[in-house]
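Have a look at the structure below, then the notes.
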Amino acid sequence: MYGRKGFKLISELDLYSDILPFNEALIKEVLQEMQSLYDANVANSNAIRNDNNMALLPSVQLRHIALKRNKRCILAYIYNRMRKLKELRWELGSILPPEINTNLINAEVQWFQSYNKSLAKYMRSLGEDHGFNLTTNMVPPKTLYVEVKCVEDFGKLELDDGQVILLKKNTYHLLPRSVCEPLIRQGILEHKST
Amino acid sequence: MENNGDVQMTAENDDQEEEEVTAQSVLLAIEEAWLNEKFAPEILPHRSDLVDCMLQQIMHMEENMKRLDKEDLRLMIHRMELDRIKYVITNYLRARLEKIEKYTIHILSQEATRSSEECYLTVAELQFAKEFLTNIEMLFKTIALQHMPGNFQTFEVDTLTVKPNLQTYVFLRANDRINGIIVPGSMDEEIDLEPGSQHIIQYSAVADLVKSGAVKLI
């Protein structure tokens with residue numbers, strides 16, 4: 001049945017919230033289906049024009065709708081992967097973890113880099129000279145300091161006031177929230193709610 | 001709002017009281033702009049004047065705080081206050097970026113009909129929007145569109161446009177007295193808003209009032 005493969009692409013998006021390996025094989029199959037539908041339509045519409053064979057018209061229309069649907073499915077697949085990728089940029093920063101990078105195809109990596117560039121350019125334009133980082137202060141501030149547990153060896157961390165602390169695995173710290181926020185999102189620190 | 005109390009405290013603590021009073025009015029204005037942007041379905045005219053002013057103020061305050069003793073209790077309060085202001089500004093700008101990314105084509109086509117004085121986007125935002133659209137088009141083309149047959153290769157701007165839902169309902173409080181708002185969906189039912197009164201109404205009926213500042217969304 002037409003459009004079933006395109007639907008498979010969409011349900012893949014729906015079933016998994018992570019970014020899966022780009023399903024190139026399935027995309028190719030959908031594109032092939034489109035090509036054969038298109039060829040059939042070209043042949044039929046020629047027949048309609050030359051022999052005035054109106055009986056073919058409904059099947060041409062049906063194939064046309066199937067073509068449009070397939071296109072929509074493919075673009076939705078790409079667009080929603082891009083959206084997830086965009087969320088990651090805000091969560092993890094400009095460098096993607098390798099387990100995600102391997103699931104992307106070239107064009108997506110390129111898109112990510114362009115997005116990074118645009119966003120960085122925009123953030124630099126804010127304020128007077130050094131720009132303004134929009135990826136911090138993601139949640140409303142409640143307290144200045146938060147209690148955190150270090151879950152990974154990180155090494156030295158310099159605070160805003162010049163103090164240097166050592167982040168070792170399984171140690172507890174009371175740190176300024178603004179410093180912790182990115183580290184918590186990267187999974188190096190864990191927020192201990194009190 | 002919690003913030004207001006803190007600002008007044010600064011006004012008392014600081015020598016340059018005159019400047020601080022205006023800083024407070026800017027903060028109030030930016031809070032209103034932030035809430036409007038947060039609750040309005042469409043993108044609103046930018047308020048980069050407020051953002052720039054506030055960012056400058058933040059820099060100023062950070063300088064002042066360096067002079068304070070580390071053990072000083074006021075330092076903690078100032079820091080907390082700064083964090084809150086920064087949150088408001090980042091959240092405001094992020095909300096705008098999110099709308100730009102979601103409604104890119106719609107916003108760009110609307111923006112093209114406006115003159116440079118009545119632009120809704122700042123120069124930087126406009127550039128971001130244009131680049132965002134180019135990047136998506138590039139992504140679609142390289143992966144899929146160029147492999148599609150014949151006239152299906154086109155990047156169909158019309159079908160890919162996402163428009164904000166202006167029929168959504170919003171909560172608002174009137175700043176001024178407003179007469180004769182026609183309730184959408186009714187034949188000719190009109191309502192008047194008293195200053196300070198609160199209402200729930202379809203956004204499309206009050207869009208212009210939000211932009212002019214006659215009402216604020218809550």
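A short reminder: the numbers here are calculations on the coordinates, not readings from a lab. For clarity, every value in this text was computed on a predicted model and none was experimentally measured. All Cβ positions, glycine included, derive from the backbone under ideal geometry; neighbour counts span all protein chains shown.
Data for the structure
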{"item": "Of B:Leu172, B:Leu145, B:Leu50, the one that fluctuates the most in a GNM where chain B has Cα springs shorter than 10 Å", "result": "B:Leu145"}
{"item": "Prolate/oblate/rounded call for chain B, Cα gyration tensor, a/c under 1.5 rounded", "result": "oblate"}
{"item": "3J(HN,Hα) from dihedral phi, the range B:51-58, Karplus parametrisation 6.51/-1.76/1.60, rounded to Hz, x for glycine, proline", "result": "4, 4, 4, 5, 4, 5, 4, 4"}
{"item": "Three-way shape label, the range B:169-217, alpha-carbon gyration tensor, a/c 1.5", "result": "prolate"}
{"item": "Under 12 Å from the Cα of A:Lys8 - aspartates and glutamates, other chains or at least 8 residues apart", "result": "A:Glu29"}
{"item": "Within-15-Å neighbourhood charge of A:Met138 [Cβ basis; K, R +1; D, E -1]", "result": "+4"}
{"item": "Under Karplus coefficients 6.51, -1.76 and 1.60, residue-wise ³J(HN,Hα) of the range A:7-15 in Hz, glycine/proline x", "result": "5, 4, 4, 5, 5, 4, 4, 6, 6"}
{"item": "Extreme residue, positive dipole direction of the range A:52-167, given options A:Gly127, A:Tyr115, A:Leu167 (C-beta unit charges)", "result": "A:Tyr115"}
{"item": "Sequence-distant lysines (8 or more away, or on other chains) whose Cα lies within less than 19 Å of B:Lys211", "result": "B:Lys38, B:Lys99, B:Lys163"}
{"item": "GNM flexibility winner over chain B from B:Phe39, B:Phe152, B:Phe128 (Cα, springs under 10 Å)", "result": "B:Phe152"}
{"item": "Hits among aspartates and glutamates - C-alpha to C-alpha of B:Lys216 under 18 Å, sequence gap 8 or more where chains match", "result": "B:Glu31, B:Glu32, B:Glu37, B:Glu42, B:Asp176, B:Asp192, B:Glu194, B:Asp208"}
{"item": "Least to most buried among B:Asp192, B:Asp69 (fewest other Cβ within 10 Å first)", "result": "B:Asp69, B:Asp192"}
{"item": "Listed peptides B:26-33, A:56-63, A:15-22, B:211-218 by packing density, highest first (mean Cβ within 10 Å)", "result": "B:26-33, B:211-218, A:56-63, A:15-22"}
{"item": "Fewest-first sequence of A:His191, B:His199 by Cβ atoms within 10 Å of each Cβ", "result": "A:His191, B:His199"}
{"item": "Where Cα atoms sit under 24 Å apart: lysine pairs in the range A:54-158 separated by 8 or more or lying on different chains", "result": "6"}
{"item": "Unit charges on C-beta of K, R, D, E only; dipole of the protein assembly as shown, Debye", "result": "2440"}
{"item": "Among A:Asn70, A:Asn52, A:Asn101: highest mean-square fluctuation, GNM of chain A, C-alpha pairs under 10 Å", "result": "A:Asn52"}
{"item": "Computed helical MRE - 222 nm, the protein assembly as shown, DSSP H runs ≥ 4 contributing -39500 (n - 2.57), nearest 500", "result": "-19500 deg cm²/dmol"}
{"item": "Chain B, dipole about Cα centre (Lys/Arg Cβ +1, Asp/Glu Cβ -1), debye to the nearest 20", "result": "1020"}
